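What follows is calculated from the coordinates using simple rules that are stated; it is not laboratory data. On a predicted model such as this, the values are computed, not experimentally measured, just so you know. No Cβ is skipped: glycine too gets one built from the backbone with ideal geometry, and neighbour counts run over all protein chains shown.
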Amino acid sequence: MKKIQILGTGCAKCQKLAENTKQAADSLGLTYELEKITDINQIMSFGVMTTPGLAVDGKVLVTGKVPSVIDIEKMIG
C-alpha cells in the first residue's frame, strides 16, 4: 500500500492537488492511504518550502505546483 501525502495548508491549490492525486491513484487501481498534512512544521520537515507538495512513501515528488492527473499517474504509477 502506498502512503500518499498532500503537503499544504488547505488552500485551493492544495485541494486541487488532493483531488488530482486521488483521481490518478484510483485510475491506476492503487491501494493507498491519502493523508493531508497541514501543519507548517511538519511540511517543512519534508524540506518543502513552497506548497502544495506531494509525497509518496515519504519521498517528495512535487512542490509549488499542481500537476495534471496524467502527470501524477506517471509519478506514482
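Odds and ends about this structure:
- For the range 47-60, a residue qualifies if it is of a type in the set (A, V, I, L, M, F, W, C) and either farther than 15 Å from residue 22 by Cβ or more than 12 Å from the chain's Cα centre (by Cα) (or both), and the qualifying residues are 48, 49, 60.
- Residues (in contact with a Ser or Thr (Cβ under 7 Å, 6 or more places away or on another chain) and touching a residue at least 40 places away in the same chain (Cβ under 8 Å)) located in the range 21-52: 48, 51
- Taking the range 21-46 as the range and being of a type in the set (Gly, Ala, Ser) and within 14 Å of the chain's Cα centre (by Cα) as the test, the residues that pass are 24, 25.
- Residue count for the range 11-40, restricted to those that are exposed (fewer than 13 other Cβ atoms within 10 Å of the Cβ) and among the small types (Gly, Ala, Ser): 2
- Selection status of residue 21, touching a helix residue (DSSP H, G or I) at 6+ places or on another chain (Cβ under 8 Å) and assigned to a helix (DSSP H, G or I): yes
- So residue 55, is it buried (at least 18 other Cβ atoms within 10 Å of the Cβ), assigned to a strand (DSSP E or B) and small (Gly, Ala, Ser): yes
- Extreme residue, farthest from residue 23 (Cα to Cα), among residues of the range 61-77 that are touching a helix residue (DSSP H, G or I) at 6+ places or on another chain (Cβ under 6 Å) and of a type in the set (A, V, I, L, M, F, W, C): 61
- Residue, farthest from residue 75 (Cα to Cα), within the range 1-18, restricted to residues that are touching a helix residue (DSSP H, G or I) at 6+ places or on another chain (Cβ under 8 Å) and not charged (D, E, K, R): 9
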